[in-house]
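The values are calculated or read from the model by the stated rules, or taken from the named source; none is laboratory data. Since this is a predicted model, take the numbers as computed values, not measurements. Cβ coordinates were reconstructed from backbone atoms using ideal geometry, including for glycine residues, and neighbour counts include every protein chain displayed. SASA here: full protein model, heavy atoms, side chains in, ligands and nucleic acids out. Shrake-Rupley method; radii C 1.70, N 1.55, O 1.52, S 1.80 Å.
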Amino acid sequence: MEPFTSGLISPEEALQLIQRPLSPIHDKVSLALKDATGRITAGPVISPIAVPGFDNSAMDGYAVRLSDLVLPETPLSVAGKALAGKPFTGDWPQGSVIRIMTGAPVPPGTDAVVMQEQTETREEGIIITADVAAGQNIRRAGEDIQAGQPVLDAGIRLGVSSLPLLASLGIAEISVLRRIRVAIFSTGDELVPVGEPLQEGQIYDTNRFAIRLMLEKMGCEVVDLGIIADDPQLLRQAFEEADRQADVVISTGGVSVGEADYTRDMLEALGSVTFWKLAMKPGKPFAFGRLSESWFCGLPGNPVSAVVTFYQLVQPMLNTLMGLKNHESGTSLQATAGRFIRKTPGRMDFQRGHYSSDAEGRLQVVPAGHQGSHVFSSFMKANCFIVLERECADVQPGETVSIEPFNYLLDD
Ligand code: AMP
Ligand code: MG
């Protein structure tokens, strides 16, 4: 290992150190279903009703009793109609059938529903042209969900697979965890907010924009404290303000060892720093620790590093804090390197890559352009991380590498 990388902690170790002291928030709020998208269930959800609520027809056709079907080819008269929302309520004489539509409650005594396509209509009635099995084409009450059955666990993010289910159970309000509040600011004398002209040597503030976007996608409440100059006094004020307002404080820049890098010193003065150097590329300077009221993450200044460390380390941390259960680390797949991939041993690389499947369905991956931590456009061409272990050296075309397809945070 190069001397310059010894003493750096691995991303896996960093993740453990971050997760260990965290406990999820537990404040609850009750929300109307339509306002609960992206929110996290505060407790298990129990179904108040059975679904289906009653035996009903799966087809358009005829409700029949098997005892009426003893003589084949005998026309059966149609004694009435059952429609969805309009049950058949009359008498059902022997030797007759009831016309029934999909979703209609099956009349009491029904043994089966015969689909329309398996009948012939004659003047005297209908003739059934296929065998009939007891129970066919009847959707039974409680077949999907029974009353009192748990349908969702605590710690589930509500979305398209769960909210319509709750609607189908008539649940109009749901208890969710409150959103976590995250205060963000960028540090650097060179930074200018988007929309203002640049003076010589200045650059636009990419990080705050990127971090805010990802936080919003995750459903966090964002407190944006803007750009803070490289001035210890102003930085202290920003940290104190952020700590007062938020559950988590995220700054970018100033965690390195340069002359204007005050972030780490300030964090050490105001709180406790768990670690601040990672064997990770991009993202070597990354500080994690505790202020008096909040957790903090000091992200690197380079935009690619800020986004990659947010994705790999801050994302799982926020997931835990916001009460999301079973959030997995990224899906790891194996792919064949389609090109040479440069890699220096010493740090774990999270290169931006583009993967696709070849004619035989095997995954291939190529690096997505320049891998410099200042080259943000590499994200535009990428759909995955190429994850190269710490000791791994250059990768030759044809060798197998691990990839991690971007999840919803980066996949737009
Ligand atoms: P630092 O970690 O403060 O030394 O910054 C490392 C590099 O990232 C420098 O080139 C900075 O100009 C650049 N940088 C820092 N913060 C930002 C930001 N918010 N947006 C874009 N570039 C930044
Ligand atoms: Mg700086």
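Observations, loosely collected:
- Filtered by the rule that a residue be near ligand 1 (Cβ under 9 Å from one of its atoms), of a type outside the set (Phe, Trp, Tyr) and surrounded by fewer than 18 Cβ atoms within 10 Å (Cβ to Cβ), segment 195-228 gives a lone residue, 203.
- Residue satisfying all of: in segment 230-276; touching a Pro at 6+ places or on another chain (Cβ under 7 Å) and farther than 21 Å from residue 317 by Cβ; nearest to ligand 1 (Cβ to nearest atom) among these: 256
- Residues of segment 251-260 satisfying the condition of being near ligand 2 (Cβ under 10 Å from one of its atoms) and touching a residue at least 12 places away in the same chain (Cβ under 8 Å): 252, 253, 254, 255, 256, 260
- Those strands (runs of 3 or more DSSP E) of segment 89-136 in which 1 or more residues are hydroxyl-bearing (Ser, Thr, Tyr) and open to solvent by 50 Å² or more (accessible area, probe 1.4 Å) occupy 119-122.
- The condition of being in contact with a Gly (Cβ under 9 Å, 6 or more places away or on another chain), assigned by the TED database to the domain that holds residue 38, part of a loop (DSSP other than H, G, I, E, B) and under 23 Å from residue 44 (Cα atoms) holds for only one of 170, 155, that being 155.
- In segment 285-293 there is at least one residue that is over 17 Å from residue 16 (Cβ atoms), within 15 Å of ligand 2 (Cβ to nearest atom) and under 31 Å from the mean Cα position of the chain (by Cα).
- Within segment 173-194, the set of residues being in a loop (DSSP other than H, G, I, E, B) and either among the charged types (D, E, K, R) or loosely packed, with under 12 Cβ neighbours inside 10 Å (or both) comprises 178, 179, 189, 190, 194.
- Taken as a whole, the condition of being at pLDDT 95 or above and in contact with a His (Cβ under 6 Å, 6 or more places away or on another chain) does not apply to residue 393.
- Any hit, segment 335-343, residues being modelled with pLDDT under 95 and open to solvent by less than 20 Å² (accessible area, probe 1.4 Å): no
- Meets criteria (over 30 Å from residue 159 (Cβ atoms), surrounded by 14 or more Cβ atoms within 10 Å (Cβ to Cβ) and in contact with a Phe, Trp or Tyr (Cβ under 8 Å, 6 or more places away or on another chain)) for residue 321: no
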